[in-house]
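In what follows, a single structure is set out as structure tokens and then discussed.
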Amino acid sequence: MPESPPAPVDVLVVGAGITGIYQLYRAREAGFSVQLLEAGDGAGGTWYWNRYPGARFDSESYTYAYLFSEELFDEWEWHEHFADQPEIERYLNHVVDRFDLRRHIRFGAKVAAAVYDEPSGAWTVTLPDGRELYARYLVAATGVLSVPYFPDVPGRDDFRGESYHTGLWPAAPVDFAGKRVAVIGTGSSGVQVIPASAGDVASLTVYQRTANWCTPLNNAPITPEEQAQLRADFDAMRETLNTSVHGFLHRACDRATFDDTPEERRAYYEKMWNSPGFSKLTSNYTDLLQDPAANEQWCDFIAAKIRGIVHDPQTAEKLIPKGHRFGEHRPPFVAGYFETFNRPNVTLVDLTQTPMVRVTATGIETTAGAHDFDIIVWATGFDFGTGALTRMGICGRGGLALTDHWADGPTTYLGVQTAGFPNFFFPGGPHAAAGNNPRYNGDQVDFVTDLLVYARDHGFDVVEVDPAAEEEWTSMVDRWAVRPPAFGQSSYYFGANIPGKPRRYLLNSAGRPKLFAEIADQVASDYKAFKLSRRA
Ligand SMILES: Cc1cc2nc3c(=O)[nH]c(=O)nc-3n(C[C@H](O)[C@H](O)[C@H](O)COP(=O)(O)OP(=O)(O)OC[C@H]3O[C@@H](n4cnc5c(N)ncnc54)[C@H](O)[C@@H]3O)c2cc1C
């Protein structure tokens with residue numbers, strides 16, 4: 001007997017990362033029929049795919065975690081202020097099981113196409129094997145850092161040794177012991193995997209295209225006293241996190257760089273250097289990202305630290321970034337990274353001086369010569385912001401392909417919807433805010449869910465953003481983008497790491513305050529930016 005087509009669901013979520021799991025939970029709790037499709041074979045999103053040695057948070061564990069359930073918060077004990085990948089993956093699986101969400105999730109189900117059907121106002125979603133699913137609302141929680149990028153180096157497939165991308169790391173541990181290892185890339189993933197793998201290897205050769213402004217993560221175990229305090233402070237912490245600009249607990253500074261004397265500044269920078277994670281950005285002087293001269297002071301401080309840590313002066317100079325300021329690229333946070341270059345078995349290759357020519361069957365060739373390796377690790381990043389959405393075969397009203405609609409870069413309203421694609425939402429996509437991801441992605445999930453509940457309660461089942469609202473939000477994003485002459489556009493925030501990608505800003509530097517204000521305005525105005533209708 002031929003299989004009967006699956007019954008349509010109200011809400012079809014794509015992606016089982018922290019955003020999609022929350023969207024599934026919220027939609028189900030709101031009484032919608034739900035299903036979630038996930039390309040991977042397990043839950044966790046980023047924390048399922050990025051299993052490389054050294055992978056860990058640089059948001060504080062308890063500020064990244066879900067805050068919607070105090071019981072969940074109380075029963076989960078994070079071991080470190082910045083948890084490692086295995087612990088995070090365990091946590092997200094715990095959430096899935098604790099709230100009985102697994103039965104709504106289909107793993108190994110990569111969406112190949114999603115087409116809007118105007119007469120029914122519903123979406124037809126196709127899996128690679130041709131199976132189709134139907135949904136009133138399609139919510140892509142497909143992540144901003146979920147499509148690994150490999151640079152177009154000739155011969156990449158010729159290499160006969162082992163080859164891994166940090167964002168596609170296998171579940172079985174990779175054995176580095178006694179191997180000649182190359183790591184390509186020194187962004188946030190590269191600087192984690194490099195110190196974590198240097199101990200065991202015969203040799204580690206690091207291929208650096210862009211040096212980054214790395215500062216210490218300053219991780220530590222969470223003591224029993226701190227655990228107790230976190231629980232006691234839950235309400236206050238949730239309030240702070242739900243209202244903070246960047247979604248962190250870090251306190252903002254009240255002074256600009258040159259308000260302090262050089263001595264005071266040095267002491268403050270020292271304090272920043274020893275502070276946890278992102279506070280170097282969020283608690284630093286107020287003009288850090290506005291005034292190039294202020295930024296230079298902080299960069300000079302970091303450069304001096306690098307020179308103090310790295311014994312070989314030539315290596316130290318190569319590790320000091322040139323041509324971009326602190327915060328212009330995503331700042332990586334490190335543990336023992338610069339110290340790794342003092343090991344006798346570690347070599348740094350500066351690709352700006354000796355560019356990569358090709359990958360060979362046995363190794364890597366630069367203009368300075370060839371080296372043989374057993375393992376090549378590609379820590380070469382992601383197609384940020386739009387990578388997953390533009391690979392999902394999405395077609396909206398009148399057959400409009402999302403790839404055409406966004407040919408010059410994404411246009412969105414609140415980073416959740418784009419005009420011409422009714423009943424399609426993408427919380428956790430481009431243009432939301434900037435900072436601790438789950439906090440503002442959670443704001444978006446709440447907004448989408450509340451909007452769908454409103455539509456249902458008022459007898460509507462087609463929800464489409466007004467193009468004017470989208471244009472206004474997108475112009476706001478562009479206006480607030482960190483721009484020249486003070487700051488360049490050389491980061492993945494502008495898509496600059498992907499050849500041919502339009503240079504459009506993919507975050508929202510007006511951040512959560514703007515998101516909050518707009519959401520409040522929408523709720524108060526019965527969602528005036530959206531056209532709500534009944535299907536024909
Ligand atoms: C190594 C690393 C460390 C990070 N550390 C931090 C941090 O400390 N703090 C922070 O705030 N952010 C961090 N980030 C950013 C991180 O991506 C977000 O914090 C968060 O994981 C985003 O969650 P998400 O659910 O929106 O997306 P993801 O976690 O990326 O999940 C998206 C899921 O969608 C699935 N998917 C995509 N396309 C399809 C498709 N067509 N069909 C089916 N499934 C699909 C993917 O397989 C993936 O599982 C880090 C990112 C990386 C890569």
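The values are calculated or read from the model by the stated rules, or taken from the named source; none is laboratory data. Values in this document were obtained by computation on a predicted structure and should not be read as measured data. Note: ideal-geometry Cβ built from the backbone for every residue, glycine included; neighbour counts use all protein chains shown. Just so you know, the surface numbers come from the protein's heavy atoms only, side chains and all, with ligands and any DNA or RNA stripped out. Shrake-Rupley method; radii C 1.70, N 1.55, O 1.52, S 1.80 Å.
Per residue, the convex hull spanned by the alpha carbons of the chain comes to 164 Å³.
Qualifying chymotrypsin sites (Phe, Trp or Tyr not before Pro) in region 88-141, where qualification requires a DSSP coil assignment and no more than 12 other C-beta atoms within 10 Å, are lacking entirely.
Reducing region 83-101 and region 184-246 to their Cα centroids gives an inter-centroid distance of 19 Å. Of all segments of the chain bounded by GluC sites (Glu not before Pro) found in a DSSP loop with no more than 15 other C-beta atoms within 10 Å, the longest spans 78-536.
Using the rule -39500 (n - 2.57) for each DSSP H run of four or more residues, divided by the residues of the chain, the 222 nm mean residue ellipticity is -9000 deg cm²/dmol.
Taking Lys110 as the anchor, which aspartates and glutamates have their alpha carbon closer than 15 Å to its alpha carbon, excluding any fewer than eight residues away along the same chain? In chain and number order, the partners are Glu38, Asp41, Asp129, Glu132. Which percent, nearest 5, of DSSP beta bridges in the chain are antiparallel? Counting only bridges with both partners in the chain, antiparallel ones make up about 40 percent.
For region 225-333, trypsin sites (Lys or Arg not before Pro) are listed when DSSP marks them as loop and at most 14 other Cβ atoms sit within 10 Å of their Cβ; the list is Arg251, Arg255, Lys322. Solvent exposure of the chain amounts to 41 Å² per residue of accessible area, where only protein heavy atoms count and the probe is 1.4 Å.
Placing unit charges on the Cβ atoms of the charged side chains and taking the dipole of region 5-133 about its Cα centre, the candidate lying farthest along the positive direction among Ala39, Thr63, Ala83 is Ala39. Computed over protein heavy atoms with a 1.4 Å probe, the carbon and sulfur contribution to the accessible area of region 1-103 reaches 49%. Kindly flag which residue pairs out of Lys280/Lys501; Lys280/Lys322; Lys322/Lys501; Lys280/Lys318 have an alpha-carbon separation exceeding 25 Å in this structure. Violating the 25 Å Cα-Cα cut-off are Lys280/Lys501.
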